[in-house]
Amino acid sequence: MSTRTTEYSRPTLSPDSPRRDAPSWDAPSWDEPTLDLLLPDPLPPASSVFPDSSEFPRTSAFPESPVADSAFPDPRERDRPADPADPAEPDDAVEARGRRRHGRRGRVGPRSGLAAVVAVQVLTSINLSSTAFQDEALYLDAGHQIIASLRNGTPTAEDFGSYFSGSPYVYPPLGALADALGGLAAARMLSLVCAVMTTLLVASVGRSLYGRSAGVAGATAFVLSGPVLFIGHFATYDAMALMLLTGGLAAGLRAAGLPRRARPRPGRRRGDPRRGNLWRGALWAFSAGCLLAAAVVTKYVAALFVPSAAALIVMAAHRTRRPAATTSSAPASAPPLVLLLAAAVGTACVVGAWLGLTGTDQLRGLVTTTLSRRPVGPTSAVEVARRGLEWAAPTLIVAVAGLPLVARRRPALAALLLGSSLLPIAVQARSGELTSLHKHVAFGVAFAAPLAGAGLVALLARLDVHDPRRPLAPRVIAAALAAVVLLAGGARGAQDLFQVWADSRPLTALLRTQVRFGSGHYLVEESEVPRYYLRDVTAPWQWNGTYFLYYRDPRTGAVYTGTAAYRRALTDRYFDIVVLRFGPSAMLDWKIHDILQDPTKYRQIARLPEPGGWTIWRRAES
């Protein structure tokens, strides 16, 4: 640093001189020497610092200045958003460059956006309300019976593992514990917690595949779906299974090295980065195997998406280990063989613990409800596809709109995500099964959401929405209105799904005056609902439904099943109370209706109005 004194003399002014050359009134006298100025040495030539003279000065001239990068951005990079799917630059490098450029503001923005998405999801799902659905009542009551069996050794009233579409020892006991603490509302709150965790994990998956902004946008697209909002306040094992499935995918992507830590943390000794990546990747792969296996155990249909999750992880690992994606400061992830072995060990541990603790009898339920399921009331493939696409429409519309921009760089990844999202619709359209399609669509939406998020970010970047000079540009307003419209459609779809079943409070109130604990047998269509609500005044064995009955004649010892069992039991006046609504089992209801019309056997005591439409008979006195 050198010092020098510079003297300036007053310039000669002429009447024709421009006004800007005239000194201001408070300027120092030009003929007096100024104070000594500490001036830096002349900067090096621009050609040595900026090889490209057309490029605006960047951080290479100020290697120690954290402000220079954000203060002097490259206009070409500022005006042209980085393509997160560009194979020439890894996604984590793009994110790191964005964090260096925008500092804390670049971290707070996505976090605030994700918090807003979760808040909208919670407020929308928690407003869904109705009495317990048949499945909710079944799983919660089964959980109470299983807990009582484990505590007291009393057997359960039914073999739940033989017809449950998930292990009865995973979600039902957890849901029953929540129900014991706060009733049905607490059990539904457990599902809401799982749904919120799923949203955060979907954001993590989107960030690993396409970048931070795409992750937040993908979470937004995820909560636009009506089935997602529905299962977020529905006390079944769907929300928990989806959370475990998405968690396994997120852990697998982390194991594959996306995102990976490019530099060691401060304060730690520098060691071999390959060894650190090896153990870290193996641990994450083990966790991924455990979570994916737990998702399948929780709900068997999750196995349909495990190959897609594995393919995504393999693609991520392959992309991470390419020479173009690795640098000296960011070593490649663990070898794929190590990740595969670790994931296999995790899967074996979960499956072994499940079968070892609960037995192999549950495998019958896996076969009957998933592998060789027969549709109840077959529906045409066109109708199944139409309903499924209608439920998934808000998220799929966003995904398909941005697909041309996203698939340009990584077409295989985009095709895999889109195909996985349509997988449940295609499978159930082929079998003609409409039951539970809306819940399975939510699993597919979890795969479409990252693609929708990447497409949304690319589309907004192409439209140049992020213009600081016009914070309320018409494009911004249009995008916000589109999101509100799609969210309203998803919320309306979730509300419609919650209104499918009738309010059971009138039936429960009437039956409470007719039943007695340990005395009598009750035949009720959809008996799971009153059995759940009246478990404080009845025993589980007192209830029978209209799906299956095993009856032994007390006089002859003959065994009856199916329709013959119901007719024989009603003829013998075996049931004290009979409740029918000619709904899901209307065919059976009409086959036994003539016996109920016999006044010497049963008499009608009430008929509740629609939409319930229950008719209640009581056994005639002899």
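Couple of notes before you dig in:
- Heavy atoms of residue 605 accessible to a 1.4 Å probe, total area in Å² rounded to 10: 60
- Nearest-10 value in Å² for the accessible area of residue 355, using the 1.4 Å probe: 50
- Inter-label distance, residue 586 to residue 111: 5.6 nm, where each label sits 7 Å from its Cα along the C-beta direction.
- Accessible area of the range 504-619 belonging to carbon and sulfur atoms, whole % at 1.4 Å probe: 54
- Neighbourhood charge, 11 Å Cβ-Cβ cut-off, centred on residue 577 and excluding it, Lys, Arg +1 and Asp, Glu -1: +2
- Accessible carbon and sulfur surface of the range 153-227 relative to its total accessible area, %, 1.4 Å: 69
- Residue 186-residue 605 FRET efficiency (beta carbon distance; Förster radius 25 Å; 0.05 resolution): 0.15
- Per-selection Kirkwood Rh - the range 504-619 (Cα, Å, 1 d.p.): 14.4
- Heavy-atom accessible area per residue - the range 504-619, 1.4 Å, Å²: 50
- The mean accessible area for residues of the range 342-444, using a 1.4 Å probe and ignoring ligands and nucleic acids, is 49 Å² per residue.
- On the basis of the beta-carbon distance and an R0 of 22 Å, residue 380 and residue 496 show a calculated FRET efficiency of 0.55.
- Take residue 126: with every protein chain present and a 1.4 Å probe, its accessible area is about 70 Å².
- Two-site label geometry, residue 593 and residue 151: point separation in nm, points 7 Å out along Cα→Cβ: 4.4
The values are calculated or read from the model by the stated rules, or taken from the named source; none is laboratory data. All of these numbers come straight from a predicted model, not from anything done at the bench. All Cβ positions, glycine included, derive from the backbone under ideal geometry; neighbour counts span all protein chains shown. For accessibility, only protein heavy atoms count, side chains too; no ligands or nucleic acids. Shrake-Rupley method; radii C 1.70, N 1.55, O 1.52, S 1.80 Å.
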